[in-house]
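Input: a single structure, listed below in structure tokens.
Every number in this text was worked out from the coordinates using simple rules, so none of it is lab data. Predicted model, so just to flag it, every value in this text is computed and none were measured. Cβ: placed from backbone, ideal geometry, glycine included. Neighbour counts: every protein chain shown.
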Amino acid sequence: MKKGEKLIFALIGLIAVVSVVYQGWQVANVTEEDPGIPYYSTASNELSDKAGKLIRKHSCRECHKIFFLNDLTQNVPSPSLDGIGSLRTEEWLYNYFSAENPQEIVPSRLKQRFQMPSLAHLPEEDRRVLAAYMASLKVEDWYLEETRKAAYEKRTGKEYQPE
Ligand code: HEC
């Protein structure tokens, strides 16, 4: 290797190190002042991978936001699934996904093509994976009430009245 090349590689290395340190420093600073993002998942990597495949296969993001992302070409007033695991239990989710008619459990105010489709035809294993993963999507306590309110208003189209 020529001397000039060594120097270039050394410079690239230096820039990479500095930018990583700088980003780390920024992240550390943000978490100090800002309460941060309230949504997190307790799922193992294995569960996230399996669920991720099913979420893509069944286009859940065509209608739902999951970790803020949805399919931008769609504009369906479906509830966001961020924090859903703090609002519903795994058992509830499994039963909901197994229902032939999910609207018997959660009534819909939407036209049929925008409603939650039945997942009852999926293999039991897939419904269990989806329920377990959805149950792992938690929200921090300080944002729980806000999440509950948003879910209620999306679902009913009415203003939320805390009990
Ligand atoms: C065609 C749009 C659409 C698709 C695709 C879709 N959903 Fe839904 N989903 C909805 C709507 C709308 C609701 C609210 C109930 C209703 O109106 O039927 C809902 C409700 C839910 C709820 C219950 C929320 C609550 O607590 O009330 C969960 C959980 C859920 N969906 C998960 C999923 C998962 C997982 C997938 C992918 C396998 C998926 N959805 C695919 C539209 C959709």
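Results, tabulated for the structure shown:
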| read-out | value |
| --- | --- |
| Residue within the range 92-113 that is closer than 17 Å to residue 59 by Cα, among the polar types (S, T, N, Q) and either in contact with a Pro (Cβ under 8 Å, 6 or more places away or on another chain) or exposed (fewer than 12 other Cβ atoms within 10 Å of the Cβ) (or both) present | yes |
| Among the candidates 100, 62, 146, 153, residue that is among the charged types (D, E, K, R) and touching a Ser or Thr at 6+ places or on another chain (Cβ under 7 Å) | 100 |
| In the range 118-163, the residues that are more than 30 Å from residue 35 (Cα to Cα), surrounded by 14 or more Cβ atoms within 10 Å (Cβ to Cβ) and not hydrophobic (A, V, I, L, M, F, W, C) | 118, 126, 127, 128 |
